[in-house]
Amino acid sequence: NAGVTQTPKFQVLKTGQSMTLQCAQDMNHNSMYWYRQDPGMGLRLIYYSASEGTTDKGEVPNGYNVSRLNKREFSLRLESAAPSQTSVYFCASTLEGGGPSRAQYFGPGTRLLVL
Amino acid sequence: QKEVEQNSGPLSVPEGAIASLNCTYSDRGSQSFFWYRQYSGKSPELIMFIYSNGDKEDGRFTAQLNKASQYVSLLIRDSQPSDSATYLCAVNTDTDKLIFGTGTRLQVFP
């Protein structure tokens, strides 16, 4: 049981390049999330998917697209990377329902540097 | 705008002392409350959750919730240098989303 996995762990891009961050979970969770974390800004939600086939914008969606490929996989795409997208990206997942099942479990993160 | 507020710290405590971390939230409809620990360069790790008023204990950790005052706290007893990390408070209302505070950095010195 690997939990939430992310690839790649680290990436350097030039401005204007594109890339896709991959996320997969093996916990049979329904909801999946993409966050970015910047110093002093905390975790900010980019996009989330409440269930397979649905996606919704979070707090900072501009410059990103997502695909919920199936129940396990949720990818984040940067079509034209900008230096402002230099950050650490975390994927997370959770079961549906209230109470403790709302707890989100995080992947190890992807460190992205855009030059 | 629903908010979760934490003092950024650092909170410095000696080894063996009790560390007290606090969090306030703005939405009275908040239902579930979570504490995550994040070591430098690592991802957030869930350590406690609470959804009823009062205290909840798990080993050296105690989460305290006061919905009337809209605060949640985390106590760490017998603090160890290995507890040095950033602690994130997260709050769930009635959606699929969590709202995170910016975290409190805890330093436990020998």
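The values are calculated or read from the model by the stated rules, or taken from the named source; none is laboratory data. These numbers come from a predicted model, not from an experiment. Heads up, the Cβs are rebuilt from the backbone with ideal geometry, glycines too, and the neighbour counts pull from every protein chain shown. Just the protein is used for accessible areas: all its heavy atoms, side chains included, with ligands, DNA and RNA removed. Shrake-Rupley method; radii C 1.70, N 1.55, O 1.52, S 1.80 Å.
Structure values in brief
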read-out	value
Using distinct alpha-carbon pairs, which all enter the 1/r mean, Kirkwood radius of chain A in Å	14.1 Å
Three principal axis lengths of segment A:18-76 [C-alpha, angstrom, descending]	33, 24, 18
Whole-number percent relative contact order across chain B, with pairs defined as alpha carbons under 8 Å at least 6 apart	38 percent
Dipole-positive endmost among A:Pro83, A:Gly40, A:Gly109 within chain A (Cβ charges, Cα centre)	A:Pro83
FRET efficiency for A:Asn1 and A:Arg44, using Cβ-Cβ distance with R0 set to 22 Å, rounded to 0.05	0.20
Diffusion constant of the protein assembly as shown at 10 °C, which comes from Stokes-Einstein with the Kirkwood Cα-pair radius and 1.306 mPa s, µm²/s	88 µm²/s
Cut-off 15 Å between beta-carbons: net charge of the residues surrounding A:Cys23, Lys and Arg +1, Asp and Glu -1	+4
Radius 11 Å from Cβ of A:Val60, net charge of other residues (Lys, Arg +1; Asp, Glu -1)	+1
Chain B - Kirkwood radius from inverse mean 1/r over Cα pairs (Å)	13.9 Å
Residue order for A:Asp26, B:Asp96 - accessible surface, 1.4 angstrom probe, largest first	A:Asp26, B:Asp96
Only Lys, Arg (+1) and Asp, Glu (-1) charged, at Cβ; chain B dipole about Cα centre in debye	100 debye
